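Please read the structure below before turning to the comments.
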Amino acid sequence: MTSMASPLRPLRISYASLYDASDIRAWSGSVYFIARALERQGAHLDHVDQLQQARLLINKAVNKVYALTGAHGPLPVERSVRMAQRFAREIATHVDSDGSDVVLSPSSIPVSLLRTAKPKVFFTDATFADMLEEYPEFADYPAELIQEGHHLEREALRNCDLAIYASRWAARSAVERYGADPARVRVIPFGSNLELEPGEAHVTHAIRSRPLERCELLFIGVNWERKGGPLAWEVARLLNAAGLPTRLTVVGCVPPPATAAPFLEVIPFIEKNSPWGQRRLAQLLLRSHFLLVPSIAECFGIVYAEASAMGLPSLARDVGGVSDAVREGHNGFLFPAKAPAQTYVQRVLTWMDDREGYERLARSAYREYADRLNWRTIGAELHGALRALV
């Protein structure tokens with residue numbers, strides 16, 4: 001007589017987030033897509049989201065008033081011991097009564113001070129130390145708040161059973177800068193946050209339809225300077241000067257007036273959570289030859305995964321965790337942080353002069369999406385990691 005193992009019951013997850021997990025705009029969509037990926041694996045999510053929204057909104061309002069006077073607000077929006085204590089109390093109230101198996105947060109802060117016997121996990125893209133170094137907006141962060149931020153990061157890594165980061169860069173930081181146990185740190189990349197998926201046949205047709213006698217460059221970002229807009233503009237200018245007709249399409253921001261040029265197309269905003277916006281963005285990705293977002297600072301870069309979903313190779317600065325989103329020669333190319341525009345230009349000219357090579361590269365970009373930068377694959381890996389803790 002053979003015995004059959006009974007099927008595992010669905011994993012029950014307390015999903016603790018500062019944002020509304022049903023809002024596809026929150027944190028570039030990642031909060032929403034993490035939740036949906038787990039639900040597609042059969043997990044049941046108890047949403048403990050929009051944590052302390054009233055308090056956070058008050059803090060933001062006070063800080064805005066201080067900013068108008070040229071001073072820094074005295075209240076950190078979320079990264080303080082006081083706020084972390086509030087988050088922990090709110091989460092604990094739910095966890096103690098909802099029968100969940102594990103607590104998951106898309107940020108280290110809500111679970112940094114959480115006390116519960118349930119396994120605790122966070123899935124994010126950077127440590128606090130990384131953000132301090134990478135992002136200019138942290139340059140004037142008050143010293144006492146920096147100390148609290150480091151304290152909370154260390155506590156999260158001590159308190160949680162598993163810390164999942166989107167890149168090896170962030171995982172290394174957790175181990176080397178905060179002393180995290182390597183056995184409790186894992187790397188799982190983020191995926192494309194586009195609900196519209198044309199499919200391989202459609203993408204292949206789009207790749208073959210891209211004319212190589214002219215070049216379409218696509219820049220997507222809300223921060224022109226930090227996302228490397230000036231460098232992207234210079235690359236487009238030099239390509240035109242070299243005799244390759246080139247258009248740079250900018251989506252998500254308005255470049256400074258001095259950048260006005262015949263080769264520049266500006267689309268200030270696309271409503272990404274609307275069907276029309278999804279189609280418009282997909283059309284732009286499918287028609288382009290390269291995504292050119294040479295960010296000065298980037299923790300991962302979901303836009304590179306979205307480009308891969310459309311068979312679009314990326315050109316990016318090798319900063320932060322970008323090398324886990326863009327694999328050299330597979331779905332694009334990485335350039336040293338200080339590489340001049342001419343280096344990008346030479347790379348573009350080389351590939352635009354090789355139809356077979358370009359199509360092979362673009363198809364490889366799609367395979368990167370199909371193999372590892374999609375939320376089905378990521379959801380399965382994440383679900384397995386959570387299941388192993390229960």
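The values are calculated or read from the model by the stated rules, or taken from the named source; none is laboratory data. Since we're looking at a predicted model, the values are computed, not measured. Glycine gets a Cβ as well: all are built from the backbone with ideal geometry, and neighbour counts include every protein chain shown.
Tabulated values for the structure
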quantity: Selection count where residues are assigned to a loop (DSSP other than H, G, I, E, B), crowded, with 18+ Cβ neighbours inside 10 Å and not aliphatic (A, V, I, L, M), scope the stretch 189-219; calculated: 7
quantity: Residue among Ala365, Ala341, Ala337, Ala305 that alone is in contact with a Pro (Cβ under 7 Å, 6 or more places away or on another chain) and in the same structural domain as Arg279 (by TED's automatic domain parsing); calculated: Ala365
quantity: Evaluation of Val222 against (1) in a loop (DSSP other than H, G, I, E, B); (2) buried (at least 22 other Cβ atoms within 10 Å of the Cβ); (3) β-branched (Val, Ile, Thr) (one fails), failing number; calculated: (2)
quantity: Qualifying positions in the stretch 288-303 - in contact (Cβ under 8 Å) with a residue 60 or more places away in the chain and of a type outside the set (A, V, I, L, M); calculated: Ser288, His289, Phe290, Pro294, Ser295, Glu298, Cys299, Phe300
quantity: Condition met for Arg317 (crowded, with 21+ Cβ neighbours inside 10 Å, in contact (Cβ under 8 Å) with a residue 12 or more places away in the chain and of a type in the set (Lys, Arg)); calculated: yes
quantity: Members of the stretch 347-390 that are under 30 Å from Val103 (Cα atoms), small (Gly, Ala, Ser) and surrounded by 21 or more Cβ atoms within 10 Å (Cβ to Cβ); calculated: Gly379
quantity: Considering residues of the stretch 260-274 that are without any contact (Cβ under 8 Å) to a residue 24 or more places away in the chain and in a loop (DSSP other than H, G, I, E, B) only, the residue farthest from Leu248 (Cα to Cα); calculated: Ser274
quantity: The stretch 244-259: number of residues that are farther than 16 Å from Leu218 by Cα and assigned to a loop (DSSP other than H, G, I, E, B); calculated: 1
quantity: Hits in the stretch 18-35 (condition: within 15 Å of Lys272 (Cβ to Cβ) and in a helix (DSSP H, G or I)); calculated: Ala26, Trp27, Ser28, Gly29, Ser30, Val31, Tyr32, Phe33
quantity: Given (1) surrounded by fewer than 20 Cβ atoms within 10 Å (Cβ to Cβ); (2) in contact (Cβ under 8 Å) with a residue 24 or more places away in the chain; (3) part of a helix (DSSP H, G or I), index of the condition Glu144 fails; calculated: (2)
quantity: Residues satisfying the stated conditions in the stretch 275-305, i.e. in a helix (DSSP H, G or I), among the small types (Gly, Ala, Ser) and surrounded by 17 or more Cβ atoms within 10 Å (Cβ to Cβ); calculated: Ala282, Ala305
quantity: Subset tally (residues that are of a type outside the set (D, E, K, R) and part of a strand (DSSP E or B)) for the stretch 165-188; calculated: 3
